[in-house]
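Inspection log for the structure reproduced underneath, given as structure tokens.
The values are calculated or read from the model by the stated rules, or taken from the named source; none is laboratory data. Only a predicted model underlies this, so the values are computations on that prediction, with no experimental measurement involved. Here the Cβ positions follow ideal geometry from the backbone for every residue, glycine too, while neighbour counts run over all protein chains shown.
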Amino acid sequence: MIKLIAITTIFLSGLLQTNKVTAQAGLTTAAQNSIYNFKVGGLEGGSINFSEFRGKKILIVNTASKCGYTKQYEGLQKLYETYKDKLVIIGFPANNFGGQEPGNNDTIAAFCKKNYGVTFPMAGKISVKGDDMAPVFKWLTSKTENGVMDAEIKWNFGKFLLDENGTLINYFPSKVEPMSEEITGKL
């Protein structure tokens, strides 16, 4: 009987140790697949480090200066000013749809400030689809990366909302206005 208890104890101890190692490996994998691991170049230099936004919701938007939805910059700025204590908005200029963001970073920055008074963080121009898709957008659009959902960006001004812990909450297509109840209701 004592031998059986000793063997059972050794077996269970080994099993617990194996589960502990497996759980630690899972934590490492989850940490590597976090929005907080991303750092991107800023539109006017420097970098945007997502780890600085822990505790705030994050709205990531692919933008363009010559699009029918470009007027949404106004709504994005209003949303940012209204909720900036608990929300950060990050714009990502991209030229993937209809060549509607042909300018360079300097041109884009001047356009955003002059026409819409944009003060929320803007990343440098990137690609949001295709073979040259930026890693942060690979993460946002792939369930295997973000653990929540697959999303397909079909046009400019698609919006990804993440919660205070960096978990993807929802994807909103271009037609969803920044100040709509669909977005503000989740803030």
Taking segment 18-43 as the search range and keeping residues that are modelled with pLDDT of 95 or more and either of a type in the set (F, W, Y) or assigned to a loop (DSSP other than H, G, I, E, B) (or both), which one is surrounded by the most Cβ atoms within 10 Å (Cβ to Cβ)?
-> L43
Is it true that V118 is in contact with a helix residue (DSSP H, G or I) (Cβ under 7 Å, 6 or more places away or on another chain), assigned to a loop (DSSP other than H, G, I, E, B) and over 19 Å from F172 (Cα atoms)?
-> yes
Long-range neighbours under 9 Å by Cβ, at least six apart or interchain, first residue in contact (Cβ under 8 Å) with a residue 24 or more places away in the chain and outside the structural domain of S127 (by TED's automatic domain parsing) within segment 63-77, second aliphatic (A, V, I, L, M) and surrounded by fewer than 19 Cβ atoms within 10 Å (Cβ to Cβ) | none
Restrict the check to segment 92-113 and report whether at least one residue is assigned by TED's automatic domain parsing to the domain that holds L43, closer than 22 Å to Y36 by Cβ and touching a Pro at 6+ places or on another chain (Cβ under 9 Å).
-> no
Evaluate segment 144-158: report whether one residue or more is assigned to a helix (DSSP H, G or I) and among the charged types (D, E, K, R).
-> yes
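Evaluate segment 139-156: report whether one residue or more is among the hydroxyl-bearing types (S, T, Y), in the same structural domain as A64 (by TED's automatic domain parsing) and surrounded by 13 or more Cβ atoms within 10 Å (Cβ to Cβ).
Yes: one or more hits.
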Filter segment 72-116 down to residues that are of a type in the set (D, E, K, R), in contact with a strand residue (DSSP E or B) (Cβ under 9 Å, 6 or more places away or on another chain) and over 18 Å from V128 (Cα atoms), then give me how many there are.
-> 1
For E182, state whether it is among the charged types (D, E, K, R), over 22 Å from G98 (Cα atoms) and not in a loop (DSSP other than H, G, I, E, B).
-> yes
Conditions (1) of a type in the set (V, I, T); (2) closer than 16 Å to L168 by Cβ; (3) out of contact with any helix residue (DSSP H, G or I) (no Cβ under 9 Å at 6 or more places or on another chain): number failed by T107 | (2)
Filter result for Y69 (over 30 Å from D132 (Cβ atoms), surrounded by 10 or more Cβ atoms within 10 Å (Cβ to Cβ), at pLDDT 95 or above and out of contact with any Asp or Glu (no Cβ under 7 Å at 6 or more places or on another chain)) = no
Go through segment 79-94 and give me each residue that's of a type in the set (K, R) and surrounded by 13 or more Cβ atoms within 10 Å (Cβ to Cβ).
-> K84
In the set F97, F92, which member is in a loop (DSSP other than H, G, I, E, B) and either among the hydrophobic types (A, V, I, L, M, F, W, C) or modelled with pLDDT of 95 or more (or both)?
-> F97
